[in-house]
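The values are calculated or read from the model by the stated rules, or taken from the named source; none is laboratory data. Remember, predicted model here, so these are calculated numbers, not experimental data. Here the Cβ positions follow ideal geometry from the backbone for every residue, glycine too, while neighbour counts run over all protein chains shown.
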């Protein structure tokens, strides 16, 4: 079956294929093993054909954007990684932006700035893709994707397109309908407000400076490692538990911001998972709070 799958995939136009390909270079944590097949659609039509084919062959797959909120297992991924990084077309008309899911949030925020549109400033420093941001309802500094999303064009796992309005996307804290149903973000429509470019630029500059001062951006990480618990922020809880600097192998609780686990160079997914479990156990014992992991675990550990 694998040879027939490979032949079928090879027949899809605008689809680049790599076999037994390293995943970690496509993630912000720089951790993880190899994918059996690493597929890079160069167009939405290629993505549609790819997803339909994988459905027909009943092959597991994972859709990877900028890889900023995932932890890939050391043994890699048995199946197909679909990398959306080449799907980054943008159309801007008046205060409406339509963008393909693979574009980075930083790039999209800069395009909004260039056209004098305000509302995406919060996203300018988030190191993810637009599709990933919708999946997680990403947010920072008081802003979230649900503040700007108007609708989303999605693919189901049979390769069929559908459009959901904002109200149907079930956007909440670090949550969307994409986490509940087999749906893939293809194109997202955002509704922003007209603003003054200089004011937008200054706000982005301020937020990015604050991020740089407070977060360990100089090290690979998966961003905030724990979700905010009701009434608590994870970073202070971990710091109060005396865990700053705690290490397992080359995985370390950041000395700069306790809400981050950083890769000091050669951390493994096993190191990270063990460190996460230690932090959860100690924080629960000392503070009575159960910390929930924010990044997704992908592949074989």
message: Any residue at all in region 237-260 that's surrounded by fewer than 21 Cβ atoms within 10 Å (Cβ to Cβ), in contact with a strand residue (DSSP E or B) (Cβ under 9 Å, 6 or more places away or on another chain) and touching a residue at least 60 places away in the same chain (Cβ under 8 Å)?
response: no
- request: Answer with yes or no whether residue 194 is crowded, with 21+ Cβ neighbours inside 10 Å, in the same structural domain as residue 95 (by TED's automatic domain parsing), touching a residue at least 40 places away in the same chain (Cβ under 8 Å) and on the phi < 0 side of the Ramachandran plot.
  value: no
field: Which listed residue is assigned by TED's automatic domain parsing to the domain that holds residue 26 and either surrounded by fewer than 22 Cβ atoms within 10 Å (Cβ to Cβ) or in contact with a strand residue (DSSP E or B) (Cβ under 7 Å, 6 or more places away or on another chain) (or both), from 102, 79, 116
entry: 79
- line: Across region 9-32, the tally of residues that are surrounded by fewer than 15 Cβ atoms within 10 Å (Cβ to Cβ) and touching a residue at least 24 places away in the same chain (Cβ under 8 Å) stands at 2
- prompt: So residue 63 fits all but one of (1) within 30 Å of residue 204 (Cα to Cα); (2) not in a strand (DSSP E or B); what number is the exception?
  reply: (2)
query: Could you list, in sequence order, the residues of region 129-167 that are assigned to a loop (DSSP other than H, G, I, E, B) and touching a helix residue (DSSP H, G or I) at 6+ places or on another chain (Cβ under 6 Å)?
result: 137, 138, 141, 157, 158, 159
- prompt: Taking the stated definitions as given, is residue 270 under 16 Å from residue 297 (Cα atoms) and either out of contact with any strand residue (DSSP E or B) (no Cβ under 9 Å at 6 or more places or on another chain) or crowded, with 16+ Cβ neighbours inside 10 Å (or both)?
  reply: yes
